[in-house]
Amino acid sequence: MRILLTTLHSKYIHSSLALQYLKSYCRDMSEIIDIKEYTINHDLDYVLAEIYRGQHEIVCFSCYIWNIEQTLRIAKNLKKVNPKVKIILGGPEVSFDARELLDKSPFIDYIVIGEGEATFKELLDYLVKIQGDLKSIQSIAYRANGVAIETNERGLINELDTIPSPFGDGLVGYDNRIIYYESSRGCPHNCRYCLSSTIKGVRFLSIDRVKKDMDVFLAAGVKQVKFVDRTFNAKKSHCLEIMKYLHEHDNGTTNFHFEITADLLDEEILAFLSLVREGLFQFEVGVQTTYDMTMEAIDRKVDFHRLSQTVKHISKYNNIHLHLDLIAGLPHETLQRFKLSFDEVYNLRPEKLQLGFLKLLKGSGIRRDEGLHDYIYRDEPPYEVLGNRYLTYREMLQIKAMEEMVEHYYNTHAFDHGVEFILKQFYKSAADFYLELGQFWEARGYHHTSHGRNAMYEILLVFYQEKRWEAMDYFRELLKLDYLKQGKSTIPQFFESLEDTDFRNKVHQFLQNQDNVVKYLPQFEGQSAKQIIKKVHFESFQYDVLQSFEKLEKVDIYKAPTTLLFDYALDYKVFSKSKVYKIDLER
C-alpha cells in the first residue's frame, strides 16, 4: 500500500512543515508514505494527473483558506478516476465544519480535525494495519451508514519532543524553498480574529531539540528559516537561548524570521540584539491596531507606547529587518481611526509595513459574533471582510488601493527619497498621501495592468505634476537618486542624465587614481578603471540630494551641483542595494 501526503502552496518557495510532521510521527510506516507538494498556480489537470499516476491507495490533502477550493476540485475528480482511493482531508480549513463538509462532499472519506499527528497515526493504523476501532479514534469525522459522524475531541500533545524531527536525516526536497519551523505551539494572546485563540496555552520543544534542528539548517546554508511560532518570545528564556545559539553559530548566510511581541522585549534581549550580524534576524511584529477600544473588542493586549519605543530602539541598530502588521476592518475602526493607526505605525519607519484585511475565519471568536458589528464578508475562502458598521465597502476599496500604493512605493524602498520629500513638504498624514495616490492611480486606470520598474517612477512624477507642487526639478533629481540606488542600469530619458564626454573622462581619471579607489572602493584595489566601472556608477546632480534627505523638517531647496558615486558591489545586501558617496571629480 502507498500513501500520499500532499498540499497546494500559495507560492513555490513555500514548504509544508505539517506534512513532514505527519510522516515523521508515522515513522513505522514512513517507507510507504510519499510527500508531493504543488502550488495553486499549477494547472489543476496537471496536479490531478500527477496524483493519479502515483497510484496511491490513500491520498491525504492539507487544507487552508488559500487552497481549499482547488483541493476539493482535485479530490472530487480523483475519486471519479480512481473510485477505490481513500481520501483524507486535514488542516485548519476543514477542522470546524467537518460533518457539514462530509455531507456536501461524498468523495471525502475521512477528515482529521485539529492537531493531526496522533489522530493521523491512529487512522493509518486502522486503514493500513487493520488495528483498532474507527469510532474510538478521537478528532476524526467519517461516515457510518451514510451518516456523517464526528468523534470526541482529542487532547493536545503536551510533550512536543515526542513528535520526531522531520529534519533528523537532513534536508530533502527543500531546494530554493523557505524552511518553516516551529519551536512552540499555541499563543499567549487570545485575539478573537485568530485561530490560535481556540487553543489555550503554549507548548515548547526542548532547547536541545531545537539546537539539533538548527544545526541541520546552518550546515546546509539554507537561505531562510521562518519560525511559525505565533509569539516566538512568549517565554524569554526559550527565545533568548535560541537566538544566542544562532548568533554564536552564525554561518554568515542564513536568515531567521520570527513573529514577536515587541513590547515583551526587555533590556537584556535588546542589548543582545545589538550584537547580531546584519541580516541574521528578521522580526515580524503584529501591531494590528493602535486603538484601545478595538484592542479591547478583539481581546488583544498590546502596550503600543512600549512597542514603539522597542521598535525605535531596534531600528537604531540597523541590523534587523522589522515588519510591522496592521489589519483593516477590525471592530470600531472607522476610516478616520484606521488612518490614525496607520500613521502611528508608519512613523516608526519599519522596513516593511504589511497592511492586511480582516478575515472571518471558521472557528474564530469574531466570526461567531459577526452580528455584533454588522459584518459582511465573502462566503468563500478567504472569508475577507467587505464592510461592517464602521467601514463601508467603498471605504474598504479605498484602503485596498492604499495598500497597493504602500506595497509599490514604500515596501520596495525604491522611492524612499522622493516619497519622504513629498511627506515632509506637503502632508501631515502619511495615510492621506497613500490614499490620494491610490485615488490618482485608479482614476488614471493604472490598476488595470501591471507596470515595470521605469513606469513606476514615471507615474509618481505624473502624480507630482498633477498636484502642481513646486520644485519639480528637485523632486525629479530625488527620484533619479532613488532609481540609481536600486542597481546599475540605463537611466530613463525622463531623468535627464547630465553625463557628457568630459564627465566620462573625469570618471576614468578618478578611478585611475588608486588613492580614490582605496578611499571609496577598497574591494577594487589593483583593478583597472575599465573593470571597476562595470560595477559602479557616477552621476551628476544639480542639487545636493543627499544632504536634503537627512533633514527632518521641510527642505530648503537650492542648487548645489553634486557628483555621486554608487557602489553596487556589496558583500551582503540587506538594508540597501548600494552604497552612495559624494565625491569631487575635480581633485
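Any read-out appearing in this document is the output of simple, stated calculations on the displayed coordinates, not a laboratory observation. The structure displayed is predicted, hence computed values, not measured ones. Here the Cβ is made from the backbone with ideal geometry for all residues, glycine too, and neighbour counts use every protein chain on show.
Summary table
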quantity: Cβ crowding within 10 Å averaged over residues, with 428-438, 390-400 ranked highest first; calculated: 428-438, 390-400
quantity: Acute angle (nearest 10 degrees) that the helix 335-346 long axis makes with the longest principal axis of the chain, alpha-carbon atoms; calculated: 70 degrees
quantity: 0 to 90° range, to nearest 10: angle between helix 453-466 axis and the chain longest Cα axis; calculated: 70 degrees
quantity: Computed over the chain: relative contact order in percent, which uses C-alpha pairs under 8 Å that are six or more apart; calculated: 8 percent
quantity: Isotropic mean projected area of the C-alpha convex hull, the range 160-391 (nm²); calculated: 13.1 nm²
quantity: Principal-axis tilt of helix 68-81 within the chain, Cα atoms, nearest 10 degrees; calculated: 50 degrees
quantity: Unpaired by the 4.7 Å Cβ criterion, cysteines found in the chain; calculated: Cys26, Cys60, Cys63, Cys187, Cys239
quantity: Mean separation of Cα contacts under 8 Å (6+ apart) over length of the range 3-150, as relative contact order %; calculated: 21 percent
quantity: Residue-wise HN-Hα coupling along the range 442-452, computed from phi with Karplus coefficients 6.51, -1.76, 1.60 (Hz; x: Gly, Pro); calculated: 6, 4, 7, x, 5, 6, 7, 8, 7, 9, x
quantity: Rounded FRET efficiency, nearest 0.05, which uses the C-beta distance separating Tyr52 from Glu380 and R0 of 25 Å; calculated: 0.40
quantity: Net charge of neighbours whose Cβ lies under 15 Å from the Cβ of Ile35, counting Lys and Arg as +1 and Asp and Glu as -1; calculated: -2
quantity: Segment Asn505-Asn318, length gained on full extension (0.36 nm per residue, minus Cα span); calculated: 63.6 nm
quantity: In sequence order, calculated HN-Hα J values of the range 311-319 (Karplus, 6.51, -1.76, 1.60; Hz; x Gly/Pro); calculated: 4, 4, 4, 5, 4, 5, 5, 6, 9
quantity: Proxy reagent accessibility, fewest Cβ within 10 Å first, across Leu360, Leu19; calculated: Leu360, Leu19
quantity: Computed P(r) (all Cα pairs; the range 488-583; 5 Å bins; percent); calculated: 2, 11, 20, 23, 20, 14, 7, 2, 0
quantity: Sorted peptide list for 346-353, 513-520, criterion being average Cβ within 10 angstrom, highest first; calculated: 346-353, 513-520
quantity: Largest-first principal axis extents of the Cα set of the chain (Å); calculated: 89, 57, 51
quantity: Linear extension gain, Glu370 paired with Leu270, 0.36 nm per residue minus alpha-carbon span; calculated: 32.0 nm
quantity: Sequence of His249, His305 once ranked by neighbouring C-beta atoms within 10 Å, starting from the fewest; calculated: His305, His249
quantity: Under 5 Å, built H, 5+ apart or other chain: amide partners of Arg154; calculated: Ser139
quantity: Rounded, prolate or oblate (a/c below 1.5 giving rounded, otherwise prolate when a/b exceeds b/c) for the range 19-74 by Cα gyration tensor; calculated: oblate
quantity: Principal axes of the range 395-537: Cα extent on each, largest first, Å; calculated: 60, 29, 27
quantity: Per-residue [θ]222 nm for the chain (sum of -39500 (n - 2.57) over DSSP H runs n ≥ 4, rounded to 500); calculated: -11000 deg cm²/dmol
quantity: For the range 3-150, fraction of C-alpha pairs farther apart than 28 Å, in %; calculated: 10 percent
quantity: Sorted by Cβ density within 10 Å, fewest first, the residues Phe538, Phe494; calculated: Phe494, Phe538
